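One structure below.
The values are calculated or read from the model by the stated rules, or taken from the named source; none is laboratory data. Just so you know, these numbers come straight off a predicted model, no measurement behind them. Quick reminder, even Gly has a Cβ in these numbers, built from the backbone with ideal geometry, and neighbours come from all protein chains shown.
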Amino acid sequence: MSVHEQFAEDLALHALGSLQGNELVALETHLQSCADCRRELELLRGDMALLAMSTTGSAPPRHARPRLLDAVAREPRQIAASVPSRRGRWGFAPWFATAAAAVIIVLLLRQNSELQGSIAALNTLFTDQKLQLQRAEDMVETLTAAESQQVTLVAAKNTPQPQGKTFYLRNKGSLIFLASNMPDLPLQKAYELWLIPTSGAPIPAGVFKPNARGSATVIDPPLPAGVEAKAFAITIEPEAGSTTPTMPIVMLGSGE
C-alpha cells in the first residue's frame with residue numbers, strides 16, 4: 001500500500017469532519033509534508049459542499065458524483081497481508097457511502113424542518129390578514145347597513161360644540177363612535193360611552209380620550225348582540241372606566 005492509499009480513507013473522513021484522535025493527528029502531520037494529499041482533501045471537501053448544496057436544487061452538480069465515486073474507487077479493495085488494515089476488514093467504500101448518505105439525509109431533514117417553519121409562518125400571516133379583512137368588512141357593514149342605527153350626541157354649552165356620531169348594528173352588537181371638538185379631560189380621567197337600552201341599566205360601550213384636536217373613536221367595543229338602544233350618553237369616568245355612569249351626563253343622543 002502506498003502512503004497515499006494508506007491515508008485515502010482518513011482524507012475522506014476528515015472531509016466529513018469525522019476523523020478524531022491519533023488518526024487525526026497522524027493525518028495532519030502527513031498533510032504538512034504532502035501537497036498531493038492536501039489537494040485531495042480540498043477536492044473532497046468541495047465535493048461534499050456541492051452535494052450539500054444540491055439538496056436545494058433540481059439536480060446535483062454533474063462533476064460531484066464522479067469525483068466521489070472516483071474517491072471510493074481509489075480505496076484499495078484488497079489489503080496486503082503485510083500491512084494490516086487500520087479500519088478492519090470492512091474497508092472504506094461502504095462506510096464512506098453510508099456516511100455520505102447520512103449527511104445528505106440530515107441536510108434534507110433540516111431543509112424539510114425549515115420549510116415546515118416557513119409554511120407555519122405563512123399560515124399565521126394568512127390567518128391574521130383574514131381576521132383583519134373580516135374586521136374591516138364588519139366596520140363597513142356597521143357604517144352602511146340599512147338597519148344601522150345612527151345617533152348624534154351633542155353638548156350645547158361648549159364652543160366649538162362637541163359632537164359624537166354613533167353607528168350601531170343591533171343584530172351583531174357592533175358599534176362605531178366618532179367624536180370631534182371634545183374638551184380636554186382632568187388628570188386620570190377619561191370619557192366613557194354608554195348604551196342606554198329600552199329597558200335595564202346602561203351598558204358600558206367603550207372608554208376613550210380625545211387627541212390634541214379633540215377627536216376620538218371607539219370601534220367595536222364588547223357589546224351583547226340584539227340589545228335595542230333607546231339612547232347613547234357620555235360621562236367622565238376614571239381612566240379604567242366604570243360599570244355604572246357617574247353623573248352628570250356631558251353628552252346625550254337618542255335613537256333616530
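Among the conditions (1) at pLDDT below 85; (2) surrounded by 15 or more Cβ atoms within 10 Å (Cβ to Cβ); (3) part of a helix (DSSP H, G or I), residue 19 misses just one, which is (3). Just name the residue that is modelled with the highest pLDDT out of those in segment 129-166 that are of a type in the set (Lys, Arg) and more than 21 Å from residue 191 (Cβ to Cβ). Filtering first and then ranking leaves 130. Just one of (1) under 42 Å from the mean Cα position of the chain (by Cα); (2) assigned to a strand (DSSP E or B); (3) of a type outside the set (Val, Ile, Thr) fails for residue 252. It is (1).
Out of everything in segment 241-256 that is out of contact with any Gly (no Cβ under 9 Å at 6 or more places or on another chain) and free of Cβ contacts under 8 Å to residues at least 60 places away in the same chain, what residue ends up being surrounded by the most Cβ atoms within 10 Å (Cβ to Cβ)? Steps first, please.
Start the filter on segment 241-256 by keeping residues that are out of contact with any Gly (no Cβ under 9 Å at 6 or more places or on another chain), which leaves 242-250, 252, 254-256.
Next cut, free of Cβ contacts under 8 Å to residues at least 60 places away in the same chain only: 242-249.
Values: 242: 16, 243: 9, 244: 10, 245: 19, 246: 12, 247: 7, 248: 8, 249: 17.
The extreme case among them is 245.
Of the residues 183, 210, 224, which is assigned to a loop (DSSP other than H, G, I, E, B) and surrounded by 18 or more Cβ atoms within 10 Å (Cβ to Cβ)?
Criteria check complete, one pass: 210.
Within the option set 176, 219, 203, being aliphatic (A, V, I, L, M) and more than 35 Å from the chain's Cα centre (by Cα) holds for one residue only, 203. Checked against the criterion of being out of contact with any Asp or Glu (no Cβ under 6 Å at 6 or more places or on another chain), of a type in the set (Asp, Glu) and closer than 21 Å to residue 144 by Cα, segment 239-246 has no qualifying residue.
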